[in-house]
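Written below as structure tokens is the structure these notes are about.
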Amino acid sequence: MSLETTDAVTRETALAEILGGAQAVRPDVANLARRGVIVTLSIRRWRAQTSLRFDDLGMTIDDATIRQVLATIMTLGQKRLLPRDRRLKLEQAEAEGRRILEKHSFATPWGRFVPVTAYFRWKEENQRCQGAYFALRDALVADYAGIVAEVMAQYRVAASHAYAVLCQTTPDTEAVYGAEDAYIAAFCDQIRAHIPSAEAIAATFAYTTSFAYIDVPLNEGIVEPAVALPSLEVGRIPDPAELQERQLLAMNREVLGDLRSRKTAEVDRFLTDLVTQLRGLIYEVATDVLTSMQRNQKLARGSTRQLKRLITQISQLNFYGDADVERMLDRLQATIDLPARKRDIGALEDQLRAIATVTRLTLMQIGEPPRSGRELAIPDLPTGDQLHRARRMLQLDAELDLAVVAIPGRSPRQVQLDFAFPAAAALASS
């Protein structure tokens, strides 16, 4: 069996054990897909910007060819048409809506998949964010006159500076551009023309969500041709009608094969995404907190909050019932719930290191290796003994069946030897 085939088997085994139980040949994809919904979030609004021109900076380019070349190879940026505080609040509100969706969902080939366990919490937070977004719109409309006045005051300063630059670089500036007051007025009129009415701005705001279910049955809509034409006799030239039928049959087989392959790949990616994102998030937070603890020699308040957020988020996303994840988080929750003075920091570090070891191995098994944690004493590829000690510390299983432990690059026999001779395994991996 080739290394590539071995890795594929390791990956299939890991996914089956996590998503379908240790005895599952393959997870029930249709059942998993039914336990959530694809959510598409669309947030639109007037972007309050227009292109910056050389003239805006007091730079004059008379040669039309040079102007055309410069316009082709570069852009100067944007002119902002809202005060900075208003613009930032709108950008933050939009980003928050997308962040909330990401927090409660998985990225999949079909879009953001929100599991039923996270749906109603997402819906509540999304509605709150939507309300805040439209409140900013309403405030912008209500304060429209003052906002426009503030923007124009800022551009009068910019226009005055541009005119000063022109005076330094253009002979007889007043004859070419007029008096400063007239230049500033014309400059600001151009800016004002880019600011729509309050009603027009309000009409551009939209915050909508759309929903769809995942269509995962591999054969749905993919039907093999019902008729198979007999083989063509040697030397016989088919008539045009028969030739067309043969071409149609060949085309359909080719297209249907491609559709089935793509759908299989999408389903495989879906299963991998579920495990990768859940266990990957646990690994990242565990290593982040370990790094902080090593640096500060204690569990900082920020790290405590990070662990609590992790427990809440994973509890909502674990809709497929990853038993190992549930046990890991239960033990972590019990430690975090203790008063700070009663926490054993050394034991917490060991616990986080064990969590990182177990989740890292899973990510390696499914071909999604995370960043190294070697500087935190987390093995890049744990031996069987290291895995056994980590799982025993987390109380993940009473007895580990070595026959089903799949470690990339190691045969089942090598894994068993790792357990039997841990010192030799540690030496070999160093």
Top-ranked residue of segment 345-369 - restricted to ones that are outside any loop (DSSP other than H, G, I, E, B) and without any contact (Cβ under 8 Å) to a residue 40 or more places away in the chain, ranked as surrounded by the fewest Cβ atoms within 10 Å (Cβ to Cβ): Gly346
Which residue pairs have Cβ atoms under 6 Å apart, sit 6 or more places apart or on different chains, and have a first residue in segment 370-394 that is free of Cβ contacts under 8 Å to residues at least 24 places away in the same chain and a second that is of a type in the set (Lys, Arg)? Asp380/Arg374
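From the list Arg112, Arg137, exactly one residue is surrounded by 14 or more Cβ atoms within 10 Å (Cβ to Cβ) and outside any helix (DSSP H, G or I). Which is it? Quick ask: steps written out before the conclusion?
Details: Arg137 fails: outside any helix (DSSP H, G or I).
Just one listed residue meets the conditions, Arg112.
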Do the conditions hold for Glu180, that is, is it in contact with a Phe, Trp or Tyr (Cβ under 6 Å, 6 or more places away or on another chain), surrounded by fewer than 18 Cβ atoms within 10 Å (Cβ to Cβ), in contact (Cβ under 8 Å) with a residue 12 or more places away in the chain and not assigned by TED's automatic domain parsing to the domain that holds Arg279? yes
When the residues of segment 241-279 are filtered to those that are touching a Phe, Trp or Tyr at 6+ places or on another chain (Cβ under 8 Å) and of a type outside the set (A, V, I, L, M, F, W, C), which remaining residue is modelled with the highest pLDDT? Gln277
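Within segment 183-202, restricting attention to residues that are within 42 Å of the chain's Cα centre (by Cα) and loosely packed, with under 12 Cβ neighbours inside 10 Å, which residue is modelled with the lowest pLDDT?
In this case the residue turns out to be Ala193.
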Mind counting the residues in segment 144-191 that are aliphatic (A, V, I, L, M) and outside any helix (DSSP H, G or I)? 1
Quick check on my filter: what residues within segment 287-304 are under 28 Å from Thr108 (Cα atoms) and more than 19 Å from the chain's Cα centre (by Cα)? Thr287, Val289
Count of residues meeting criterion [assigned to a helix (DSSP H, G or I) and either at pLDDT below 90 or under 18 Å from Ile314 (Cβ atoms) (or both)] in segment 370-384: 1
Flagged in segment 267-283 as of a type in the set (D, E, K, R) and either in contact with a Gly (Cβ under 7 Å, 6 or more places away or on another chain) or buried (at least 17 other Cβ atoms within 10 Å of the Cβ) (or both), in numbering order, are Asp273, Arg279
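Just one of Lys89, Lys123, Lys79 is outside any loop (DSSP other than H, G, I, E, B) and in contact with a strand residue (DSSP E or B) (Cβ under 6 Å, 6 or more places away or on another chain); which is it? So that I can check it myself, show each step before the final result.
Numbers: Lys89 fails: in contact with a strand residue (DSSP E or B) (Cβ under 6 Å, 6 or more places away or on another chain); Lys123 fails: in contact with a strand residue (DSSP E or B) (Cβ under 6 Å, 6 or more places away or on another chain).
Of the residues listed, the single one that is outside any loop (DSSP other than H, G, I, E, B) and in contact with a strand residue (DSSP E or B) (Cβ under 6 Å, 6 or more places away or on another chain) is Lys79.
Condition check ((1) over 30 Å from Asn31 (Cα atoms); (2) modelled with pLDDT of 95 or more) across all residues:
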position	(1), (2)
Ile311	no, yes
Tyr320	no, no
Arg327	no, no
Pro339	yes, no
Arg353	yes, yes
Leu387	yes, no
Gly409	yes, no
Gln414	yes, no
Ala420	yes, no
Mind telling me which of the residues Leu101, Leu81, Leu52 ends up being among the aliphatic types (A, V, I, L, M), assigned by TED's automatic domain parsing to the domain that holds Thr117, within 30 Å of Gly131 (Cβ to Cβ) and modelled with pLDDT under 95? Leu81
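Give segment 371-380 a look and list any residue that's surrounded by 15 or more Cβ atoms within 10 Å (Cβ to Cβ) and more than 18 Å from Leu307 (Cβ to Cβ), or say none.
Of the residues in segment 371-380, the ones surrounded by 15 or more Cβ atoms within 10 Å (Cβ to Cβ) are 373, 376, 378-379.
The answer is Pro379, and nothing else.
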Within segment 311-344, residues outside any helix (DSSP H, G or I) and within 24 Å of Ser105 (Cβ to Cβ) come out as Asn318, Phe319, Tyr320, Gly321, Asp322
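The values are calculated or read from the model by the stated rules, or taken from the named source; none is laboratory data. Because the structure is a prediction, the values reported are computed rather than measured. Cβ coordinates were reconstructed from backbone atoms using ideal geometry, including for glycine residues, and neighbour counts include every protein chain displayed.
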